[in-house]
Amino acid sequence: MDKPELLLPAGSPETIRTAVLYGADAVYMGTPDMSMRTKSKLTLDEVVEGTRFAHAHGVKVYLTLNLISHNRDIPKLPEYLETVRAVSPDGLIVADPGVFAFVREHAPEIPLHVSTQANACSWLTVNFWKDQGAKLVVLGRETSFAELAEIRKQCPDIKLEAFVHGAMCMTYSGRCLLSNFMAERGANQGNCANSCRWEYKVHLKLKDGTVQELTIDERNEGLFEFFLEEGYRPGELLPIEENERGSYILNSKDLCLMPKLADYMRIGVDTFKIEGRSRSPYYVALTARAYRQAIDDWADNPDGWDPKPYMRELETVGSRGYTLAFHNGRLTNYAHGYDHTAALGEWEYAGSIADVTDDALILTVKNRLEAGDVLEFVPPASRETILLRLYAYETLDGKKHEAVNAGQKRAVRIPFSAFDHEDAARVRALLPPLTIVRKERSLTEAEWARLKADRAALRLDQGSGSGTAYDENRKKLQVALEEDLMDRRPRSPRLGTEGCCGKGCNGCHIFWNDPAYGKARKLLATKKQGEMLDQNMRETG
Ligand code: SF4
């Protein structure tokens, strides 16, 4: 069976190159005008250049034209088609039947893909699009696994693409007017303001002639409870919860099908799509790498495949909490983030390698770096992570600093000699330009509690774990949010100049000098990094 194609989002020249470097089989992007991303950072020249770059590396490019068209958009179509022809895309992603027919007539050589915005969720709809000439249908995220398996059986002659990772909409794959209503920004024209993620609070107004607003706060919250009653379920009252920070009742968690990916590979889905054209190179690189490895490993050994190592990698990327969403057919309560909306992870984007000189890496700084931080270099073509602890950062003017902040084009120089148990040739081979560097974050009590509650919810979503454990975790989260303690603590003692993770990072003073780590040092000395360390010490005297 063929491996599924891994399709990554590209919203900037850097993310195109990053996706290619980290293992994408294909990328999707938009030309600036009609691409469902009005804030696309790509100019037309960059789309052309990005396409050439991807093609030169054997990676396909699909262009988006998936707006729901209005009359005013139609005159733009001929020019749009002329533009995209120049780019020679491997597919054009279209949602609107009128636009589909127009492209088929005026640019018949471009393969047509039916966008998720067309909401295809059944074999009947997929067959309809096949009869219209579509080469591939992107199924709606609302399609369950059982439905997808049935569609695969009934529609063997057309390619099927499924979203496996990324943000979800509260509404039917983005057919949503919430953003238009709240922010006058059209979600179906690529300009969603994410109004579903905003914080909403309940207020009461008295109808006693006085226009007095009643805010629910700690003085009166015990007096009220709020419920919704749905018309066909009289008496079944659905509580609306909120605290003094409000509530996020429309805020879906992020889709992550990694725990079930083997099922999707087994039934022969052609393309696995990752959402996120406005995401950072960090997100693109690390999700690409995790799914690349998962797909390749499954193809090599389907029976021994286990999602855990890839999930651990995905946890280094910030998320709103992961959910299987519609995988089992029904969206459950666990798929929503009621207490928070921002993406959160235990790791963060430390920087990316901008250049490799004769004797050093040049790292563009993306988040504050402090003395004692352990930088984790994530090689695109290898599974290992190279750890480097630095106690000072050299900016490009040659000055040394205990800490550096991210800023416009802020960069630091990291000499190869800092990798005291990797030789320069190996560093150079493993860490080319655009390599992503991450580091662990210190989090507040509420943030740690949130991660635990999110993971407990995902276990329940998968049919394991216990409801009691989830409730307890959620209660702890509520308490931590109320206490609002801003002290931060790291997961492991690898942050700051005092602690040590005991992994023998390059450059770690504590690990290589403290007698407490003598036994661990002896163990490492028998391995490659121990040999390299000895060699470096001999060379530097
Ligand atoms: S407001 Fe939310 S539900 Fe609506 S399109 Fe935007 S992300 Fe989707």
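The values are calculated or read from the model by the stated rules, or taken from the named source; none is laboratory data. Bear in mind the structure is a predicted one, so any value in this text is a computation, not a measurement. So basically every Cβ, Gly included, is an ideal-geometry build from the backbone, and we count neighbours across all protein chains shown. Remember, those area values only see protein heavy atoms, side chains included, never the ligands or the DNA or RNA. Shrake-Rupley method; radii C 1.70, N 1.55, O 1.52, S 1.80 Å.
Candidates in segment 192-202 are the residues that are open to solvent by less than 70 Å² (accessible area, probe 1.4 Å) and more than 9 Å from the ligand (Cβ to nearest atom); of these, the one that is nearest to Ala118 (Cα to Cα) is Tyr200. Checking Asp514 against (1) at pLDDT 80 or above; (2) over 29 Å from the mean Cα position of the chain (by Cα); (3) buried (at least 19 other Cβ atoms within 10 Å of the Cβ), which test does it fail? With respect to (1) at pLDDT 80 or above; (2) over 29 Å from the mean Cα position of the chain (by Cα); (3) buried (at least 19 other Cβ atoms within 10 Å of the Cβ), Asp514 is out only on (3). Listed by first and then second residue, the pairs with beta-carbon distance under 8 Å, at least 6 apart or on different chains, first residue in segment 170-184 and under 15 Å from Trp198 (Cβ atoms) and part of a helix (DSSP H, G or I), second more than 8 Å from the ligand (Cβ to nearest atom) and among the hydrophobic types (A, V, I, L, M, F, W, C), are Met182/Trp198. Listed by position, the strands (runs of 3 or more DSSP E) enclosed by segment 326-411 that each have at least 3 residues that are under 19 Å from Val427 (Cβ atoms) and more than 21 Å from the chain's Cα centre (by Cα) are 347-356, 360-365, 386-389.
Conditions tested, residue by residue: (1) open to solvent by 40 Å² or more (accessible area, probe 1.4 Å); (2) in contact with a His (Cβ under 9 Å, 6 or more places away or on another chain); (3) touching a residue at least 60 places away in the same chain (Cβ under 8 Å); (4) not assigned by TED's automatic domain parsing to the domain that holds Arg410.
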{"residue": "Arg277", "(1), (2), (3), (4)": "no, no, yes, yes"}
{"residue": "Leu286", "(1), (2), (3), (4)": "no, no, yes, yes"}
{"residue": "Tyr291", "(1), (2), (3), (4)": "no, yes, yes, yes"}
{"residue": "Ala294", "(1), (2), (3), (4)": "no, no, no, yes"}
{"residue": "Thr323", "(1), (2), (3), (4)": "no, yes, yes, yes"}
{"residue": "Asn333", "(1), (2), (3), (4)": "yes, no, no, yes"}
{"residue": "Ala342", "(1), (2), (3), (4)": "yes, no, no, yes"}
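Gly499 - would you say it is in a loop (DSSP other than H, G, I, E, B) and out of contact with any helix residue (DSSP H, G or I) (no Cβ under 8 Å at 6 or more places or on another chain)? Here the answer is no, as Gly499 does not meet what is asked. Of all residues in segment 360-384, those satisfying the criterion of being over 18 Å from Arg410 (Cβ atoms) and modelled with pLDDT under 95 are Gly372, Val374, Ala381, Ser382, Arg383, Glu384. A single entry from Val126, Val138 fulfils the requirement of being at pLDDT 95 or above, crowded, with 19+ Cβ neighbours inside 10 Å and closer than 18 Å to Gly190 by Cβ: Val138. Taking the criterion of being free of Cβ contacts under 8 Å to residues at least 12 places away in the same chain and aliphatic (A, V, I, L, M), the only residue of segment 102-125 that qualifies is Leu124. Number of residues in segment 158-169 that are open to solvent by 10 Å² or more (accessible area, probe 1.4 Å), within 22 Å of Ile295 (Cα to Cα) and either within 16 Å of the ligand (Cβ to nearest atom) or not in a strand (DSSP E or B) (or both) equals 2. When the test is whether a residue is buried (at least 16 other Cβ atoms within 10 Å of the Cβ) and away from the ligand (no atom under 16 Å from the Cβ), Arg152 passes it. Within the option set Leu430, Leu451, being under 20 Å from Cys256 (Cβ atoms) and surrounded by 15 or more Cβ atoms within 10 Å (Cβ to Cβ) holds for one residue only, Leu451.
The number of residues in segment 11-43 that are part of a loop (DSSP other than H, G, I, E, B) and at pLDDT below 95 comes to 15. Listed conditions (1) assigned to a helix (DSSP H, G or I); (2) within 26 Å of Lys201 (Cα to Cα); (3) of a type in the set (A, V, I, L, M, F, W, C) are all met by Trp298, apart from (2).
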